[in-house]
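Have a look at the structure below, then the notes.
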Amino acid sequence: MPADAKAGFVLGVESVPDGLAAGLLAGVNPVFGLYGYLMGTLAGAFATGSFFMTVQVTGAMAVTISDVPLTQSGEQAGPALATLAVLTGVIMLGLGIAGLGSLVRFIPASVLIGFVNAVAVNIVLGQFDNFTGYESEGANRVLRALDTVFHPGRLSLLSIIIGLLTVALILGLERTRIGPLGLVLAIIVASGVAALFPDDVSVLADLTTVPDSLPTPQMPALELVPALILPALSLALIGLVQGAAVSGSVPNPDGRYPDPSTDFRGQGIANIVTGLMRGMPVGGSMSATSLVRSAGARTATANVVAAVTMALAIVLSAQIMGYVAMPALAALLIVVGLRTFKIHDIMLVVRTGPVPATVLVTTFGLTLLLPLQYAVLAGVAIAVVLHVARQSNTVVVRRWTFDDASVMPIEGEPPRTLAPQDEVIVTVYGSLFFAAAPVFLAQLPSVPASCRGTVVILRLRGKDDLGSTFIRAVSAYAGELNRAGGTLMVAGVSRAVTRQLEATGVIAIIGRDHVFEAEDRVGSSLAKAREAADRWRAGSA
């Protein structure tokens, strides 16, 4: 308990400026970011399967929220943000219950690295206004950053000095015994300096009134749900990726890694609670989880202590928080963004080959130029297309030839064209789904106008589902062989595939006596197919 209390206190104190910065990054009332940190940490401590996972607003989620127009201004901004959090939680909870937490393995590293590093750049570019005191214009963060660069005469020198002071203090204090608390001290010192120039440096109180009470419940605005479904889905996918990264890298005290789907359900519950308490959408935070562990956490109690610490800070120091300098918060976010950018990960993907490099550049560019809710879905689409392309191109057809030297076959290339009275045994490696069918057909021996007495034995052991496209390809090849005087046999067929052949009527084209189901002894069904092929050739001679 003492270790958890210490770790929770460190995380709680550090989370106060972090939470305000998250709200600033999202373009909403910074207090909503702090509420998200408070309620997400508390609910996540009880709901996730991980002992250590800290559920808070992540940089990627905050940047995504900033691209959702309904949350940015107007009377509906608060209800829209709460509704977005609840809706995100419902989607996360549903995916977690369905056991889809492991879907992240289908997203290639090139997409993830491109997205994460572009988010890091977005974090930095998005804080230029608060760091420089200049209100830029532009359709996206890149154009607004360029507008800032091209108007140096309109920048606030004092704001820049406060920001640079904050960066220097963060870098210097974190090397001391203060450690993570140096971040908090840096914000306090820089804001204290800014207070000497009240008319020249923007502070948190200029944007909003910081309440001195805990959040009160707010029901979601159901009429806003249709407009928020797409960003909620994007936020859920981001949470899936980031939460799975935490689950897969931080084991529980017993040494076992938590189930990603269980953690995803917990994040869903945390989002629902957070939304009902006026907070921003949240997800598993790698940085906060690493901090609480390094501070000595032993159980999930540390996150409960962190939430209590944040609650006390809100109640006891609300007026002081109003004097936090905006350039100081911007500097904190810029440091976070720069540290999130991993150039060595980018270079690793680039050196891997042109295809991963192209995917990385495409994802990176889309994330910079498009609203993040669209960029996330585009990245997922790229991942799906890339997965299908890779799987279809890995289908390989090989010929097995038997001789008297050994009972084991000799594997080689199949012939280009079938010859009369020939026996060709082919085995297929790879996933046999719809996109693989043309690749499979292209590797089979071509059927001449006449190949009387020729038997092609297709070995399908280990294939439990062929799919309609592949079955049509097999049917077409069998029909072509039949017309040329040959025949097709299939060996090692699972019971499920046999049912597919029966249901589609393809078994009538192949011939029921030419289908040999797999047996426990490997090679038995193939041996029976070869014996049947000898009899068939003898009968067709």
Being on the phi < 0 side of the Ramachandran plot and at pLDDT 85 or above is the requirement here; does residue 289 meet it? no
List the pairs whose first member sits in the stretch 497-509 and is outside the structural domain of residue 467 (by TED's automatic domain parsing) and in contact (Cβ under 8 Å) with a residue 60 or more places away in the chain, whose second member is of a type in the set (Asp, Glu) and surrounded by 18 or more Cβ atoms within 10 Å (Cβ to Cβ), and whose Cβ atoms are under 7 Å apart, counting only residues at least 6 apart or on separate chains? none
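Taking the stretch 130-143, which residues are out of contact with any helix residue (DSSP H, G or I) (no Cβ under 7 Å at 6 or more places or on another chain) and either outside any loop (DSSP other than H, G, I, E, B) or at pLDDT 90 or above (or both)? Even if it seems obvious, please write down each step before you answer.
So the first thing to find is which residues in the stretch 130-143 are out of contact with any helix residue (DSSP H, G or I) (no Cβ under 7 Å at 6 or more places or on another chain), and the list is 139, 143.
Residue satisfying the conditions is 143 alone.
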Hey, can you tell me all the residues within the stretch 168-179 that are touching a Gly at 6+ places or on another chain (Cβ under 6 Å) and part of a loop (DSSP other than H, G, I, E, B)? 174
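Of all residues in the stretch 144-159, how many are assigned to a loop (DSSP other than H, G, I, E, B) and either modelled with pLDDT under 90 or surrounded by 13 or more Cβ atoms within 10 Å (Cβ to Cβ) (or both)?
Our first condition is that a residue be assigned to a loop (DSSP other than H, G, I, E, B); within the stretch 144-159, this holds for 150-151, 155-156.
So of that shortlist, the ones also either modelled with pLDDT under 90 or surrounded by 13 or more Cβ atoms within 10 Å (Cβ to Cβ) (or both) come out as 151, 155-156.
Of the residues in the stretch 144-159, 3 are assigned to a loop (DSSP other than H, G, I, E, B) and either modelled with pLDDT under 90 or surrounded by 13 or more Cβ atoms within 10 Å (Cβ to Cβ) (or both).
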Just one of 338, 332, 369 is in contact (Cβ under 8 Å) with a residue 40 or more places away in the chain, under 27 Å from the mean Cα position of the chain (by Cα) and more than 30 Å from residue 6 (Cα to Cα); which is it? 369
Pick from the stretch 196-230 the residues that are of a type in the set (Gly, Ala, Ser) and surrounded by 13 or more Cβ atoms within 10 Å (Cβ to Cβ): which of them is farthest from residue 36 (Cα to Cα)? 202
Those residues of the stretch 451-496 which are out of contact with any helix residue (DSSP H, G or I) (no Cβ under 9 Å at 6 or more places or on another chain), aliphatic (A, V, I, L, M) and within 16 Å of residue 420 (Cα to Cα) amount to 481, 484
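Checking the condition within 40 Å of the chain's Cα centre (by Cα) and of a type in the set (Gly, Ala, Ser), which residue from 508, 532, 476 passes? I'd like the intermediate steps shown before the answer.
Values: 508 fails: within 40 Å of the chain's Cα centre (by Cα); 532 fails: within 40 Å of the chain's Cα centre (by Cα).
None of the others qualify; the one that does is 476.
Conditions tested, residue by residue: (1) in the same structural domain as residue 473 (by TED's automatic domain parsing); (2) under 14 Å from residue 482 (Cα atoms); (3) exposed (fewer than 12 other Cβ atoms within 10 Å of the Cβ).
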| site | (1), (2), (3) |
| --- | --- |
| 408 | yes, no, yes |
| 416 | yes, no, yes |
| 420 | yes, yes, no |
| 425 | yes, no, no |
| 438 | yes, no, no |
| 441 | yes, no, no |
| 444 | yes, no, no |
| 448 | yes, yes, no |
| 451 | yes, yes, no |
Out of all the residues in the stretch 217-255, which are in contact (Cβ under 8 Å) with a residue 12 or more places away in the chain and in a loop (DSSP other than H, G, I, E, B)? 217, 218, 219, 220, 221, 248, 249, 250, 252, 253
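Table: residues versus (1) within 23 Å of residue 314 (Cβ to Cβ); (2) in contact (Cβ under 8 Å) with a residue 40 or more places away in the chain; (3) in the same structural domain as residue 17 (by TED's automatic domain parsing).
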position	(1), (2), (3)
167	no, yes, yes
185	yes, no, yes
188	yes, no, yes
213	yes, yes, no
Those residues that are touching a strand residue (DSSP E or B) at 6+ places or on another chain (Cβ under 8 Å) and farther than 24 Å from residue 190 by Cα, I need them from the stretch 131-174; list them, please. none
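Of a type outside the set (Asp, Glu), surrounded by fewer than 20 Cβ atoms within 10 Å (Cβ to Cβ), in a helix (DSSP H, G or I) and over 20 Å from the mean Cα position of the chain (by Cα), is that true of residue 165? Explain how you work it out, then say what you get.
Numbers: of a type outside the set (Asp, Glu): yes; surrounded by fewer than 20 Cβ atoms within 10 Å (Cβ to Cβ): yes; in a helix (DSSP H, G or I): yes; over 20 Å from the mean Cα position of the chain (by Cα): yes.
Yes, satisfied.
Search the stretch 42-80 for residues being polar (S, T, N, Q) and surrounded by fewer than 24 Cβ atoms within 10 Å (Cβ to Cβ), and hand back the single one that is modelled with the highest pLDDT. So that I can check it myself, show each step before the final result.
Within the stretch 42-80, the subset polar (S, T, N, Q) is 48, 50, 54, 56, 58, 64, 66, 71-73, 76.
Next, only the ones that are surrounded by fewer than 24 Cβ atoms within 10 Å (Cβ to Cβ) stay: 66, 72-73, 76.
On the way: 66: 88, 72: 85, 73: 78, 76: 85.
In this case the residue turns out to be 66.
This table checks each residue for (1) among the β-branched types (Val, Ile, Thr); (2) within 16 Å of residue 120 (Cα to Cα).
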{"position": "307", "(1), (2)": "no, no"}
{"position": "317", "(1), (2)": "no, no"}
{"position": "321", "(1), (2)": "no, no"}
{"position": "334", "(1), (2)": "yes, yes"}
{"position": "350", "(1), (2)": "yes, no"}
{"position": "354", "(1), (2)": "no, no"}
{"position": "374", "(1), (2)": "no, no"}
Looking only at the stretch 242-276, and only at residues there that are in contact with a Phe, Trp or Tyr (Cβ under 7 Å, 6 or more places away or on another chain), of a type outside the set (Val, Ile, Thr) and within 26 Å of residue 113 (Cβ to Cβ), the one that is surrounded by the most Cβ atoms within 10 Å (Cβ to Cβ): 243
Name the one entry in 305, 282, 273, 292 that is in contact with a helix residue (DSSP H, G or I) (Cβ under 6 Å, 6 or more places away or on another chain), among the β-branched types (Val, Ile, Thr) and more than 25 Å from residue 235 (Cβ to Cβ). 305
Mind counting the residues in the stretch 1-35 that are touching a Lys or Arg at 6+ places or on another chain (Cβ under 9 Å), among the small types (Gly, Ala, Ser) and buried (at least 24 other Cβ atoms within 10 Å of the Cβ)? 1
Members of the stretch 494-510 found to be touching a strand residue (DSSP E or B) at 6+ places or on another chain (Cβ under 7 Å) and within 20 Å of residue 424 (Cβ to Cβ), listed by number: 510
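The values are calculated or read from the model by the stated rules, or taken from the named source; none is laboratory data. On a predicted model such as this, the values are computed, not experimentally measured, just so you know. Here Cβ is always computed from backbone atoms with ideal geometry, including for glycine, and neighbour counts include all displayed protein chains.
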